[in-house]
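The block underneath contains the structure these notes are about, expressed in structure tokens.
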Amino acid sequence: MSKAFAEQIRTLPSKREPAYRPAVLIGPEERDELAAKLGDASNYDLGLLREMVAQDPDNIEFRKALVSGIVSAEYAGIDAFSRKVAEWQQWPVPWELILAMARQTWDEVRHAQLGTELLENYGGKVGEYPDTLAGAPPSEANAAVARGQGAQNETQQAQIMRDPVISLSVTNVALEGAALDLFKGTSELGRRVGDDLMQLVYDYNWADEVTHTAIGDYFVKALCEDNPEQEERALRAHAMFEGMRERLSGQQSSEIREFFAEEIERGTAALGGDGAAR
Amino acid sequence: MAVRILLEPCINCGLCRRACPTETIRFFTTGHRTHVVEPAGCIDCDICIPICPEKCIVPDETYVHDPVELAAAKERAKAWAAKQNATRKRIRERAAAAVAAVR
């Protein structure tokens, strides 16, 4: 694949029919619509929606919102992994990694199909609820990962996030690893409320996510072999991503705090504090 | 007894680490990309064993606990459980409010 083609793909916007409509960018009117369906617009949150479905299994809007939020991430996955297939042909990576990304793209297509049909089974459709990940600006966690690798501006951030070691550590291992909780929990929710399709769809997705995490871990190991600096970059990217997500949910682990203790001390000291890591 | 992680099949998904009530499964501070159990903090709760998708967490029958360390680890687990319960309660209450609001 030519360099020009990879460059062209990089500049192509993400598209879908219906068009992406990121939840973080919706206007007041749509927030009111969400509030009417879910009690409050801020309830459009996957963890909370699972509990809402558990408490009121007869409310079909709760199920539609939950599945919409998950399927939106699957569309984002198709976009992200198919871009890696094109872009990584310009990086010194094993050919098998490109093939693995192609396989993963098709897995995400299958997940999107399953989610879309599950949604239609509830009488809903893609685009009825806003998108959770797809089409959204780069997350705070991704920006933090790139800054943690020395990025000074958005161009450098984007370049660092394309680096296979960083990208695999963040997307395949940290993000897909965390998605295992989501899929296991949603499949279990389907079992609890007697929704056989929900149970089956997310059990299927869970098995694929295990493979995706394994793919990421295998290739991060391969790309870092005999290269402690690369391994340190991979660990740091993973820690930064997980740490940001945990901080946003207010549940940061003591190991993450320990990992960044030195930097926290330096930062606190620079701000005139006592430097004690908390 | 404690548990240990077989490094070869481990895919570093982190499920065990995030589920461990004593945070005794380490990853970021091991110096390598490997999940390792610090046995002194393991209370043999066995939460990690069934959730591992690769079935690579096994009992470490050679490890003998220091009773003081074990008691301290159990205290950490109690604090962890209290925090988890508080979080779950908050989510349940928020969900109940949402259900009530749309009925």
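What follows draws every value from the coordinates through simple rules; no lab data is involved. Model, not experiment: these values are computed from the prediction. FYI the Cβ positions are ideal-geometry reconstructions off the backbone, even for glycines, and counts take in every protein chain you see.
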> Any number yet on Rg/Rh for chain A, C-alpha, Kirkwood?
Replying inline: 0.98
> Could you put B:Met1, A:Met101 in order, starting from the residue whose Cβ has the fewest other Cβ atoms within 10 Å?
Replying inline: B:Met1, A:Met101
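What are the trypsin sites (Lys or Arg not before Pro) within segment B:1-87 that DSSP puts in a loop, where the Cβ has at most 16 other Cβ atoms within 10 Å?
Passing sites in segment B:1-87 are B:Lys55.
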> Which Cys residues of the protein assembly as shown have no other Cys beta carbon under 4.7 Å away?
Replying inline: A:Cys224, B:Cys10, B:Cys13, B:Cys20, B:Cys42, B:Cys45, B:Cys52, B:Cys56
> Other chains near A:10-21: what is the mean number of their Cβ atoms within 10 Å of each residue's Cβ?
Replying inline: 0
> Once both axes come from the Cα atoms, what is the angle between helix A:46-55 and the longest principal axis of chain A, in degrees from 0 to 90, rounded to 10?
Replying inline: 30
>> Past 21 Å, Cα to Cα: identify those pairs from A:Lys15/A:Lys84; A:Lys3/A:Lys221; A:Lys64/A:Lys84; A:Lys84/A:Lys221; B:Lys55/B:Lys78, in the order given.
In response: A:Lys3/A:Lys221; A:Lys64/A:Lys84; B:Lys55/B:Lys78
>> Rounding to the nearest 10 and keeping the result within 0 to 90°, find how far the Cα-based axis of helix A:60-87 lies from the longest principal axis of chain A.
In response: 40
>> Just checking the output field for B:7-18: average partner chain Cβ neighbours within 10 Å of each residue's Cβ?
In response: 6
>> One quarter of the convex hull surface, Cα atoms only: what value does that give for segment A:166-243 in nm²?
In response: 5.1
> Can you give the average number of partner chain beta-carbon atoms within 10 Å of each beta-carbon in peptide B:86-95, as a whole number?
Replying inline: 4
>> Are there any trypsin sites (Lys or Arg not before Pro) in segment A:5-80 that are in a DSSP loop and have at most 16 other Cβ atoms within 10 Å? List them by number.
In response: A:Lys15
> Near the amide H of A:Asp131, under 5 Å away, which other amide H atoms are found, from residues 5 or more places off or on another chain, if H is placed in the peptide plane?
Replying inline: A:Arg21, A:Ala23
> All other residues with a Cβ under 11 Å from the Cβ of A:Glu255 taken together, and with Lys, Arg as +1 and Asp, Glu as -1, what is their net charge?
Replying inline: -1
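Rank these for me by crowding, B:Cys42, B:Cys10, going from fewest to most other beta carbons within 10 Å.
Arranged by neighbour count, lowest to highest, B:Cys42, B:Cys10 become B:Cys10, B:Cys42.
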> What's the exposure ranking of B:Cys16, B:Cys45, going from fewest to most Cβ atoms within 10 Å?
Replying inline: B:Cys45, B:Cys16
>> What is the angle, in °, between the Cα long axis of helix B:67-102 and the longest principal axis of the Cα atoms in chain B? Nearest 10 is fine, range 0 to 90.
In response: 20
